[in-house]
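Enquirer: My questions will all concern the structure given below.
Read-outs throughout are calculated quantities, based only on the coordinates presented, and are distinct from any laboratory measurement. Just so you know, these numbers come straight off a predicted model, no measurement behind them. All Cβ positions, even for glycine, are placed from backbone atoms using ideal geometry, and neighbour counts span all protein chains on display.
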Amino acid sequence: PRKIYFSRHGESLYNVMGYLGGDSDLSARGKQYARALPSLVATHIPNADRLTVWTSTKKRTIATAKYLPHPKVAWKALDELEAGKADGLTYEQVEERFPEDFAKRDSDKYLYRYQDGESYKDVVARLEPVIMDLERQDDILIIGHQAILRCLYAYFMNYSTERLPYLKIPLHTLIQITPGAYSCDEKRFKVDI
Ligand code: F6P
């Protein structure tokens, strides 16, 4: 049966500092993940020769895909949830500068839209063309961002919009999804770096 693969980008410099959004490069650990990815793919993806890799247009996903020999497509629609005024801040700084927003996001994380930015609901809408394409194709590996992969994962695994923004999509892990008629099967392959 057809399978879909997801991975977050390797750890970024912003991940290390706790900053939201941005377009930072990979950290040393993130670069190690990029180096490890080709053998992870070769080990766990049957027919890896037919694989196409989709990334966002951000440096961290493109750098994570760097050593993969497969054809690549960079989608703007796969860029991370736009945090607007909170972009480049830590959660603590957001709480300090925009306390009301911070509380609102906490009370409805799916619907909350960042000032000058997006909500999870906005992201689900912009991912629609990606999902349409994904449904029509075999052998796709998406190297994406936390919020984006939560939305895609929730779509295939049938998670509610309440749970979607809290789904755990860890770094340095390849997720395999096998869509079925009623439910999807999943496997996770973690790299220890
Ligand atoms: O911290 C990494 C990150 O991808 C940020 O760029 C993004 O704003 C955030 O995660 C999304 O996660 P949450 O919706 O839980 O804040």
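Enquirer: Tell me which of L13, A86, G30 sits at the most positive position along the dipole axis of region 1-96, charges placed on C-beta atoms (Lys, Arg +1; Asp, Glu -1).
Expert: The listed residue farthest towards the positive side: G30.
Enquirer: May I pose another question? Find, among the GluC sites (Glu not before Pro) in region 108-193, those assigned to loop by DSSP (not H, G, I, E, B) with at most 13 other beta-carbon atoms within 10 angstrom.
Expert: Answer by residue number: E162.
Enquirer: Give me the distance in nm between label points sitting 7 Å out from Cα along the Cα-to-Cβ direction at N158 and A125, one decimal.
Expert: The two pseudo-label positions are separated by 2.7 nm.
Enquirer: Short version: ³J(HN,Hα) in whole Hz for each residue of region 56-69, in order, from phi by Karplus 6.51 cos²θ - 1.76 cosθ + 1.60 (θ = phi - 60°), x for Gly and Pro, what are they?
Expert: My calculation for region 56-69 gives 8, 9, 7, 4, 5, 7, 5, 5, 5, 8, 3, 8, 7, x Hz in order.
Enquirer: Report, ordered by chain and residue number, the aspartates and glutamates lying within cross-link reach of K109, taken as a straight Cα distance under 19 Å and ignoring same-chain residues fewer than 8 apart.
Expert: Leaving aside aspartates and glutamates fewer than 8 places away in the same chain, those within reach of K109 are D79, E80, E82, D87, E92, E95, E96, E100, D101, E118, D122, E162.
Enquirer: State, as an integer percentage, the relative contact order of the chain based on alpha-carbon contacts under 8 Å between residues 6 or more apart.
Expert: Working: 356 pairs, mean separation 59.9, N = 193.
About 31 percent, as a whole number.
Enquirer: Using r as the Cβ-Cβ distance of K76 and V16, and R0 as 22 Å, what FRET efficiency do you calculate, to the nearest 0.05?
Expert: 0.30
Enquirer: Let me ask something else about it. Under unit Cβ charges (Lys, Arg +1; Asp, Glu -1), what dipole magnitude, rounded to 20 debye, does the chain have relative to its Cα centre?
Expert: 660 debye
Enquirer: Next question. Going by C-beta contacts inside 10 Å, put H172, H9, H70 in order with the fewest on the left.
Expert: Numbers: H172 22, H9 28, H70 17.
Fewest-to-most Cβ neighbours within 10 Å comes out as H70, H172, H9.
Enquirer: For every helix of n ≥ 4 consecutive DSSP H residues, a contribution of -39,500 (n - 2.57) applies; sum these over the chain, divide by its total residues, and give [θ] at 222 nm rounded to the nearest 500 deg cm²/dmol.
Expert: Helix contribution divided over all residues of the chain: -10500 deg cm²/dmol.
Enquirer: State the dimensionless ratio Rg/Rh of region 22-109 (Rg: radius of gyration of Cα atoms; Rh: Kirkwood radius).
Expert: Over the Cα atoms of region 22-109, Rg/Rh equals 1.12.
Enquirer: Something else: Gap in Å between the Cα centre of region 138-193 and the Cα centre of region 16-58?
Expert: Value for the Cα centre distance between the two parts: 15 Å.
Enquirer: Next question. Decide, for region 63-124, between rounded, prolate and oblate: order the square roots of the alpha carbon gyration tensor eigenvalues as a ≥ b ≥ c, take rounded if a/c falls under 1.5, and otherwise choose prolate if a/b is larger than b/c, else oblate.
Expert: prolate
Enquirer: Something else now. Go through K72/K168; K3/K121; K66/K190; K3/K190; K76/K121 and tell me which ones have a Cα-Cα distance over 21 Å in this structure.
Expert: K72/K168; K3/K121
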